[in-house]
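What follows is a set of notes on a single structure, which appears directly below.
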Amino acid sequence: MSATILWGKTYAKKLKDETKEKIAEFTEKTGITPGLAVIIVGEDPASQVYVRNKHTTCAEMGINSQVIELVPTISKDELIATIENLNNDSNIHGILLQLPLPKALHKYENELLYRINPLKDVDGFHPVNAGRLSIGEKCMVPCTPLGCIKMLELAGISLDGKNAVIIGRSNIVGKPMANLLLAKNATVTVCHSHTRNLQQIAATADILVAAVGKPNFVTADMIKPGAVVIDVGINRIAPKKITGDVDFTTVKEKAGFITPVPGGVGLLTIAMLMHNTLEAAMLQQT
Ligand code: GUN
């Protein structure tokens with residue numbers, strides 16, 4: 001039997017509607033409009049689309065959005081000064097430094113990200129937030145893994161006691177996903193490029209999360225019949241065509257639930273950015 005497809009659109013709408021309502025309540029109670037600043041350096045076309053989407057979504061949600069466009073030749077120190085200004089701006093509750101940075105700034109990526117006040121770190125990339133997440137404390141959680149968890153919750157898929165296997169150990173998806181699944185009482189295995197017997201390990205998963213960055217990496221022989229398969233991959237295979245990490249056509253015949261790419265968990269990332277901006281605004285009032 002073919003898997004139930006978990007379409008991101010339905011869940012993203014529900015989550016955005018919920019957050020929009022909470023933002024209205026917050027603004028009414030405090031007189032404060034949550035503010036998000038997005039810094040984009042250079043002219044990467046994909047980043048420009050993402051940033052435009054963030055800006056439009058903020059407007060729909062009742063969030064003030066400021067897009068700061070900087071030339072690719074900007075120095076590290078000028079960028080740090082921009083971040084510090086935003087850290088000190090009480091109208092800005094969330095700061096996002098759009099990645100990737102231009103080549104010349106690559107080596108400073110972490111240094112720059114770590115300049116963002118952890119309370120305003122809506123990406124959840126700051127080590128203070130990563131550390132808090134790993135010890136189960138309240139923090140800013142990276143948007144993509146948070147979106148995956150919210151989708152599973154809304155789909156009524158229980159995680160307690162389940163075997164979860166994550167393929168990919170990135171700081172942005174794999175590791176935070178592992179911590180979120182642990183917090184939901186799943187038994188978690190994180191696989192990566194040095195993992196032996198990946199196929200056998202993946203086939204034990206009740207929940208399989210693919211975050212590798214390789215098209216069609218996850219094949220049907222890696223799937224336990226009826227498993228929940230979450231595809232976090234965004235692989236550009238042609239100028240206007242993206243695909244996930246999962247071989248969707250064959251895997252969907254074996255899985256119980258599957259997220260498509262495009263149209264899956266990617267759509268929840270922006271919904272979670274809105275959620276995190278509200279959370280940040282709330283945290284900064286206390
Ligand atoms: N570029 C693509 N996705 C993201 C994201 O979630 N955060 C940041 N900062 N940059 C990105």
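Summary of values
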item	result
Cα long-axis angle, helix 8-30 against the chain (0 to 90 degrees, to the nearest 10)	30
Linear extension gain, E43 paired with K241, 0.36 nm per residue minus alpha-carbon span	69.3 nm
Distance in nm between pseudo-label sites at N110 and N53 (7 Å out along the Cβ direction from Cα)	2.8
FRET efficiency, S90 to K13 (Cβ-Cβ, R0 41 Å, nearest 0.05)	0.85
Computed [θ] at 222 nm, deg cm²/dmol, the chain (DSSP H ≥ 4; -39,500 (n - 2.57); rounded to nearest 500)	-12000 deg cm²/dmol
Neighbourhood net charge (9 Å Cβ-Cβ; Lys/Arg +1, Asp/Glu -1) for E60	+2
From phi via Karplus (6.51, -1.76, 1.60), per-residue ³J(HN,Hα) for segment 163-175 in Hz, x at Gly/Pro	7, 10, 10, 10, 9, x, 10, 5, 6, 8, 10, x, 5
Two-site FRET efficiency, T33 against L70, from Cβ-Cβ distance with R₀ of 25 Å, rounded to 0.05	0.55
Top of T204, T219, T30 by mean-square fluctuation, Gaussian network on the chain, Cα under 10 Å	T30
Point-to-point label distance, A24-E78, nm (Cα→Cβ direction, 7 Å offset)	4.3
Interchain or long-range residues, amide H under 5 Å from V228's placed H	I207, L208, G256, F257
Computed label-point distance, nm, for sites A203 and Q285 using a 7 Å Cα→Cβ extension	5.3
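A short reminder: the numbers here are calculations on the coordinates, not readings from a lab. Computed from a prediction, not measured in an experiment: that's the story for all the values here. Heads up, the Cβs are rebuilt from the backbone with ideal geometry, glycines too, and the neighbour counts pull from every protein chain shown.
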